[in-house]
Structure formats: C-alpha cells, structure tokens
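Notes follow once the structure below has been shown.
Laboratory data are not the source of any read-out in this text; all were calculated from the coordinates shown. Worth saying up front: this structure is predicted, and the values here are computed from it rather than measured. All Cβ positions, even for glycine, are placed from backbone atoms using ideal geometry, and neighbour counts span all protein chains on display.
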Amino acid sequence: MRGLFSTLLVVLLALMIGASEAGKNKKEKNKGGKGGTECAEWRYGSCVANNGDCGQGTREGTCNEQIKKVKCRVPCNWKKEFGADCKYKFGNWGECDATTSTKSRTGTLQKALFNVECKPNISVSKPCTTKVKNKPKGKKGKGKGN
C-alpha cells in the first residue's frame with residue numbers, strides 16, 4: 001500500500017511540474033508577438049468602422065515588420081474632418097460673419113490617441129443662429145383665477 005501511495009505521489013508531482021512548465025513556455029511565446037521581439041514604438045492608423053460611418057470597427061497598428069489589428073469604436077455624429085482620435089481644446093465662438101452667415105472657432109491639439117498624426121490647430125465653423133427675442137413669457141395654461 002505504501003509503494004502504491006508513493007508511486008501515485010511521484011506521478012502527481014511530475015504532472016504538476018509538466019503543467020507549470022507548459023504554462024511558462026506558452027507565456028513566453030505570446031510575450032513578443034511575431035518574431036519574439038518586444039516592440040516599443042507601435043504606430044496606429046485611424047479607426048475604420050466595419051459598417052457605415054460609425055460604430056464598431058478596427059484600427060491597424062504597425063511596428064517594424066509587425067502588424068496587428070485592434071478593435072475600436074467610431075462615435076456617431078462625430079466631426080469627420082479631424083477624427084475621433086484627435087482631442088482638441090476649443091475657444092469661444094467668434095462673431096457672426098454677415099457675408100457667409102457663419103461663425104467659427106479654433107481648437108488646439110490636446111491629445112492624440114494611439115499615436116495618430118493630428119493637425120496641431122484646426123478651425124471649425126457653423127451657421128449663425130438668429131434668435132428673435134420675444135415678449136416675456138407668462139404663466140402657461142389656465143389657472144384657477146382665470
């Protein structure tokens with residue numbers, strides 16, 4: 001009985017050591033990607049939606065000879081001219097230009113996500129709104145006194 005127990009213990013110990021070695025080798029294989037070298041300077045392109053202009057998509061990253069695809073999301077109703085990966089800080093809207101009926105403002109680059117190339121400064125414009133001031137609004141609806 002003692003011999004069976006010790007044999008079983010040795011077999012169990014051998015299986016545990018083999019499993020831990022296989023786990024270490026698997027981690028080392030996946031560590032560096034293709035070619036087994038770690039790449040420090042990944043460059044990513046802009047996010048491209050799978051269907052239409054917005055929603056789930058992918059972006060391609062390159063480093064030396066390596067290429068990988070990463071899942072991403074393109075926000076809907078986003079300003080396409082400067083992309084979702086370039087974050088800008090905008091000033092106040094300027095005065096309305098009477099000739100074009102638009103007003104504009106400029107933005108300064110704050111952050112470029114995924115090392116995407118962004119313009120350092122951008123300008124955006126929108127149509128002017130002509131708000132007509134109405135008389136002061138009173139109570140709506142009829143109350144008990146009416």
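Give me a comma-separated list of calculated 3J(HN,Hα) values for the range 101-111, in order, Karplus coefficients 6.51, -1.76, 1.60 applied at θ = phi - 60°, integers in Hz, x for any Gly or Pro.
Here the 3J(HN,Hα) series is 6, 10, 10, 9, 8, 10, x, 10, 4, 9, 8 Hz.
Could you size up the charge dipole of the range 34-127 around its Cα centre, putting +1 on the beta carbon of Lys and Arg and -1 on that of Asp and Glu, and report it in debye to the nearest 20? Present the calculation step by step, with values, prior to reporting the outcome.
Details: 16 positive and 10 negative charges, 55 e Å.
Magnitude of the dipole: close to 260 debye.
Computed over the Cα atoms of the range 34-127, what is the ratio Rg over Rh, Rh following Kirkwood?
Using Cα coordinates only, the ratio equals 1.11.
Students often get this wrong, so check it: of LYS69/LYS126; LYS89/LYS126; LYS69/LYS89; LYS68/LYS89, which have C-alpha atoms separated by over 24 Å? Please report the intermediate quantities before stating the final value.
On the way: LYS69/LYS126 36 Å; LYS89/LYS126 17 Å; LYS69/LYS89 29 Å; LYS68/LYS89 31 Å.
In this structure, LYS69/LYS126; LYS69/LYS89; LYS68/LYS89 lie more than 24 Å apart at Cα.
Figure the gain on full extension for SER125 and GLN110 (residue separation times 0.36 nm, minus the Cα-Cα span) and round it to one decimal in nm.
Here the answer is 3.5 nm.
By how many nm would the segment from THR102 to ARG43 lengthen if fully extended, with 0.36 nm per residue of separation less the alpha-carbon distance?
Full extension from THR102 to ARG43 adds 17.5 nm.
Between GLU95 and THR62, what FRET efficiency follows from the Cβ-Cβ distance if R0 is 35 Å, with the result rounded to 0.05?
0.20
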